[in-house]
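Each remark here refers to the structure printed beneath this line.
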Amino acid sequence: MEKKIVDISIELADFLSSKKAEDITVLEMSKTTIADIFILVTSNSFVHSKILEDYTQEFLETRGYRRLNRPNMFPENPWILVDFGEIVINIFVKEAREYYNIEKLWYDAKKVYEIKESKVDTKE
C-alpha cells in the first residue's frame, strides 16, 4: 500500500475531527480485496452524518479521487458508506456504530490512526 493513501486518510481523519466527528479510526485493510483503508467515523446526528459525507466527498475529490457509489439519499440513515475505491469511509450515528461494531468484525486489521474526541478549534 502506498504511503500517500495512508497520509491522505490521516489528513481526512483530522479534517473530519475538526468538523466535530468523533471516535475516528483508520484501519489498514490491504489484506482484503475491499479497500486499502477503512475510516470509521461517529457523528452526532443524521444531519451531521450527511454533512460529514459531503465534507468527505469534497476533501477527496479535490485530491483527485473519484467516488464510486452514490451519495446517501435517506435522511435518517444510521450508516453512510462513502466508497472511493482505495479508501472507504463509514459514517455512523453513535447507536449504529455500537450496534454494528465494525472494529470487532475486522479485528485483525492494523489500526493506523485513531482520534477519540473531535479536534474542534475553540479559538474565538
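The numbers here are math on the coordinates, done by the rules we state, and not lab data. Fair warning: this is a prediction, and the values are worked out from it, not measured in the lab. Here the Cβ positions follow ideal geometry from the backbone for every residue, glycine too, while neighbour counts run over all protein chains shown.
At a glance:
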read-out: Burial order of peptide ranges 57-68, 40-51 (average beta-carbon count within 10 Å, highest first); value: 40-51, 57-68
read-out: For Rg and Dmax of the Cα atoms in Å, calculated from these coordinates, the label among [x] 15.0, 48; [y] 13.5, 45; [z] 27.1, 94; value: [y]
read-out: Karplus 3J(HN,Hα) series, Hz, for region 105-113 with 6.51 cos²θ - 1.76 cosθ + 1.60 (x for Gly, Pro); value: 4, 9, 4, 8, 6, 6, 7, 8, 7
read-out: Debye, to nearest 20: dipole size of the chain, +1 on Lys, Arg Cβ, -1 on Asp, Glu Cβ; value: 140 debye
read-out: Whole-Hz ³J(HN,Hα) from phi, Karplus 6.51 cos²θ - 1.76 cosθ + 1.60, for region 48-64, glycine and proline x; value: 4, 4, 5, 5, 5, 4, 4, 4, 4, 4, 4, 4, 6, 5, 5, 9, x
read-out: Helix-only [θ]222 nm of the chain, DSSP H runs n ≥ 4, -39500 (n - 2.57) each, per residue, nearest 500; value: -10500 deg cm²/dmol
read-out: Most to least packed among 8-18, 24-34 [average Cβ atoms within 10 Å]; value: 8-18, 24-34
read-out: Separation in nanometres of the label points that stand 7 Å from Cα toward Cβ, at Lys20 and Trp79; value: 2.5 nm
read-out: Karplus (6.51, -1.76, 1.60) ³J(HN,Hα), θ = phi - 60°, over region 16-32, in Hz, Gly and Pro reported as x; value: 5, 4, 5, 9, 6, 6, 10, 6, 8, 10, 10, 10, 7, 10, 4, 7, 10
read-out: Under 17 Å from Lys4, Cα to Cα: lysines that are on another chain or at least 8 residues apart; value: Lys110, Lys111
read-out: Among Ile102, Leu16, Ile5 - extreme Cα towards positive end, dipole of region 3-108, charges at beta-carbon; value: Ile5
read-out: Rounded Å value of the spacing that divides the Cα centres of region 1-53 and region 65-95; value: 10 Å
